[in-house]
């Protein structure tokens, strides 16, 4: 096996005297001594001082959200399903505190990863606040949370089912403890005491005084492996849309539809995008609506282009269709002067009348109802501009389970007088 170097020559990004650099070197030594190459190794990290390790390793690496590194590591391990590869997850005591449930779940399921916890007793990147793994002795020195016990992550992981759990407080043992952990077939965790010279201690012996040694805990378990099944590709079920109609669009047209949740805005936008494809155009569609889904605004953006759409942003739409107050209140602050605006009659007031844009009003809600207003306004726009064949829009709804209702909304829009 080729012995590539796990670490590169990038300068350590840590403060002078920080213990994280020692742990990083111990990880590399342990992996190399066990025969792993940089191609066999995946490093997963998250936010904090410990998350600065990514550029130091010449391995595969993933950087995630604060506390979520174990969850990412679980996904990588199950996806690889290869005992010859090793996933090393690196977190600080802050990351473990924030994502404790991810650690316990990985231990409970006994996923084949090694979690390295760099415990410098505090949140070093944000000013030295106490974490859930700050030891009792350290908190007593700080006169903070003296009556609130810390988590013992080693014992917690063991109780949750980890195959290997240990704490290392002596630099001399770091590499050997790591080798023992990495060789375990299943979930292993090693908590390292790490010196923070900026917010904690200046000397190692001061750090060691606030850490307690822990025995090595083991659970004899078989690790969880992924069960792979052959399934048909989701792409096999995609409808192939061939060009059947012509279009007068020469370059690119962007359209915004806005209304209320449940008003058919997203459906109308999807139908417009499909209409574009039936017209031989490249189409994109994206929607925006609140988490509540059933209340509030609903907005969709559609781009129709004669060339591939490489950027789906739509800062200056050619046309904006709005059929309710919810939609108008959401987008009115972003209206561009060169956009044509098509509004439902219910939105006609001093504010909309004062716009410098070309504004067209139509009775879309009355003609097609709340659920059909957006589609009716869309069909009006297609007829008014002549950019596409209205038959292409009708073709788009022909296979829909509510095709009859949708066709009625289209016809209502075609008969709107402004």
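The values are calculated or read from the model by the stated rules, or taken from the named source; none is laboratory data. Everything numeric in this text was worked out from a predicted model, so none of it was measured. Please note: Cβ atoms are built from the backbone with ideal geometry, for glycine as well, and neighbour counts cover all protein chains shown.
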Which listed residue is more than 25 Å from residue 275 (Cα to Cα), touching a helix residue (DSSP H, G or I) at 6+ places or on another chain (Cβ under 7 Å) and either surrounded by 14 or more Cβ atoms within 10 Å (Cβ to Cβ) or not assigned by TED's automatic domain parsing to the domain that holds residue 271 (or both), from 396, 346, 379: 346
Across region 79-93, what is the number of residues that are in contact (Cβ under 8 Å) with a residue 60 or more places away in the chain, assigned to a loop (DSSP other than H, G, I, E, B) and under 19 Å from residue 30 (Cα atoms)? 1
Considering only region 106-134, state which residues are surrounded by fewer than 19 Cβ atoms within 10 Å (Cβ to Cβ) and outside any helix (DSSP H, G or I). 125, 126, 127, 128, 129, 132
If I filter region 239-251 down to residues being under 23 Å from residue 312 (Cβ atoms) and surrounded by 10 or more Cβ atoms within 10 Å (Cβ to Cβ), which single residue comes out as modelled with the lowest pLDDT? 241
Given the criterion without any contact (Cβ under 8 Å) to a residue 40 or more places away in the chain, part of a helix (DSSP H, G or I) and either touching a helix residue (DSSP H, G or I) at 6+ places or on another chain (Cβ under 8 Å) or not assigned by TED's automatic domain parsing to the domain that holds residue 182 (or both), identify the matching residue among 53, 96, 76, 103. 53
Could you list, in sequence order, the residues of region 188-203 that are closer than 18 Å to residue 25 by Cα, touching a strand residue (DSSP E or B) at 6+ places or on another chain (Cβ under 8 Å) and either in a loop (DSSP other than H, G, I, E, B) or without any contact (Cβ under 8 Å) to a residue 24 or more places away in the chain (or both)? 194, 196
Output for region 250-267, where each listed residue is farther than 9 Å from residue 302 by Cβ and either free of Cβ contacts under 8 Å to residues at least 12 places away in the same chain or in contact with a helix residue (DSSP H, G or I) (Cβ under 8 Å, 6 or more places away or on another chain) (or both): 258, 259, 260, 261, 262, 263, 264, 265, 267
Output the number of residues of region 158-181 satisfying the condition of being surrounded by fewer than 16 Cβ atoms within 10 Å (Cβ to Cβ) and part of a loop (DSSP other than H, G, I, E, B). 1
Output the residues belonging to region 144-157 that are touching a helix residue (DSSP H, G or I) at 6+ places or on another chain (Cβ under 8 Å) and either in a helix (DSSP H, G or I) or over 16 Å from residue 121 (Cα atoms) (or both). 153, 156, 157
Condition check: surrounded by 11 or more Cβ atoms within 10 Å (Cβ to Cβ), at pLDDT 95 or above, in the same structural domain as residue 94 (by TED's automatic domain parsing) and over 20 Å from residue 121 (Cα atoms). Does residue 254 satisfy that? no
Of the residues in region 219-238 that are touching a residue at least 12 places away in the same chain (Cβ under 8 Å) and out of contact with any helix residue (DSSP H, G or I) (no Cβ under 8 Å at 6 or more places or on another chain), the one that is surrounded by the fewest Cβ atoms within 10 Å (Cβ to Cβ) is 220
Would you confirm whether or not region 28-44 contains a residue that is over 30 Å from residue 228 (Cα atoms) and in a loop (DSSP other than H, G, I, E, B)? no
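Residue-by-condition table, conditions (1) in the same structural domain as residue 281 (by TED's automatic domain parsing); (2) surrounded by fewer than 22 Cβ atoms within 10 Å (Cβ to Cβ); (3) on the phi > 0 side of the Ramachandran plot; (4) touching a residue at least 60 places away in the same chain (Cβ under 8 Å):
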residue	(1), (2), (3), (4)
307	yes, yes, no, no
317	yes, no, no, yes
321	yes, no, no, yes
335	yes, yes, no, no
342	yes, no, no, no
363	yes, yes, no, no
